[in-house]
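Asker: The structure under discussion is supplied below as structure tokens; questions concerning it will follow.
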Amino acid sequence: MAAGCFGVLRRRHLTAGCLYSMSTVSPRSALLIRAGDRCCALNLLHVVEIMRPLPVDALAHMPAFVRGLSIIRGAPTPVVSLASLVADSGEPPTRFVVVRAGERQVALAVDAVLGVFELDPATLRALPPLLRHAAAGALQAVAALDGQLLLLLNSGNIVPDEVWQKLVPL
């Protein structure tokens, strides 16, 4: 499945090696990432940075998709396993993608960062009724990309409010 997602990037000549400034990023620009066998997209305006994984301290009483906390730029930051949210299995993460979640930040542990592309809003579809409450509200829409399922993530809801409340005392 990931090969299909990467194919569209090669045809459009947009790869993860490209540098983008905020002045060249459109609201339709998306970061294509992979978790397990699923391709996902994040609005590029919500992406803060991409980095190699850092040490993660596990916390008790957290949902399975919350791997724990990592110190990123001096601040304790929740780390969410994207594979636990959207895929049956995943490889060990090769990257953290730090995203804005409202006023906070979350690090997504992902298997691969595939590149940047322009997301055509006409290809997006509302979530089917059975998926509307899936992944704790982290899914915003679905689309097809190279004949494969593409999940558009809602970075503001990746960590549900009840989990943030557990993290606040930390």
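The values are calculated or read from the model by the stated rules, or taken from the named source; none is laboratory data. Since the model is a prediction, treat every value here as computed from it, not as a measurement. Cβ coordinates were reconstructed from backbone atoms using ideal geometry, including for glycine residues, and neighbour counts include every protein chain displayed. Side chains included, ligands, DNA and RNA excluded: accessible areas come from the protein's heavy atoms. Shrake-Rupley method; radii C 1.70, N 1.55, O 1.52, S 1.80 Å.
Asker: Identify all residues within segment 68-78 that are open to solvent by less than 60 Å² (accessible area, probe 1.4 Å) and over 11 Å from I158 (Cβ atoms); write none if there are none.
Answerer: Matches in segment 68-78: G68, L69, S70, I72, A75, T77.
Asker: Taking into account only those residues within segment 68-112 that are polar (S, T, N, Q) and under 15 Å from P160 (Cα atoms), which is nearest to the chain's Cα centre (by Cα)?
Answerer: S81
Asker: Got at least one residue in segment 81-95 being of a type outside the set (G, A, S), over 24 Å from L151 (Cβ atoms) and outside any loop (DSSP other than H, G, I, E, B)? Spell out how you get there, then give the answer.
Answerer: Of segment 81-95, the ones of a type outside the set (G, A, S) are 82, 85-86, 88, 91-95.
Now narrow it down to the ones that are over 24 Å from L151 (Cβ atoms): none.
The answer is no, given that none of the residues of segment 81-95 is of a type outside the set (G, A, S), over 24 Å from L151 (Cβ atoms) and outside any loop (DSSP other than H, G, I, E, B).
Asker: Please verify whether segment 133-143 includes one or more residues that are farther than 20 Å from G68 by Cα, out of contact with any strand residue (DSSP E or B) (no Cβ under 6 Å at 6 or more places or on another chain), modelled with pLDDT of 75 or more and surrounded by 17 or more Cβ atoms within 10 Å (Cβ to Cβ).
Answerer: Quick first cut of segment 133-143, residues farther than 20 Å from G68 by Cα only: 133-134, 139-143.
Filter again for out of contact with any strand residue (DSSP E or B) (no Cβ under 6 Å at 6 or more places or on another chain), leaving 133-134.
Subsequent filtering for residues that are modelled with pLDDT of 75 or more retains none.
The answer is no; no qualifying residue exists.
Asker: Give the residue that is nearest to the chain's Cα centre (by Cα), with candidates limited to residues of segment 32-67 that are acidic (D, E) and open to solvent by 60 Å² or more (accessible area, probe 1.4 Å).
Answerer: Here the answer is D37.
Asker: Please go through (1) open to solvent by 40 Å² or more (accessible area, probe 1.4 Å); (2) in contact with an Asp or Glu (Cβ under 8 Å, 6 or more places away or on another chain) for S29 and return the number of the only condition it doesn't satisfy.
Answerer: The one condition S29 does not meet is (1).
Asker: Continuing with this model, one more query. Of the residues R28, R11, which single one is at pLDDT below 90, charged (D, E, K, R) and closer than 22 Å to A101 by Cβ? So that I can check it myself, show each step before the final result.
Answerer: Details: R11 fails: closer than 22 Å to A101 by Cβ.
One residue alone meets the criteria, R28.
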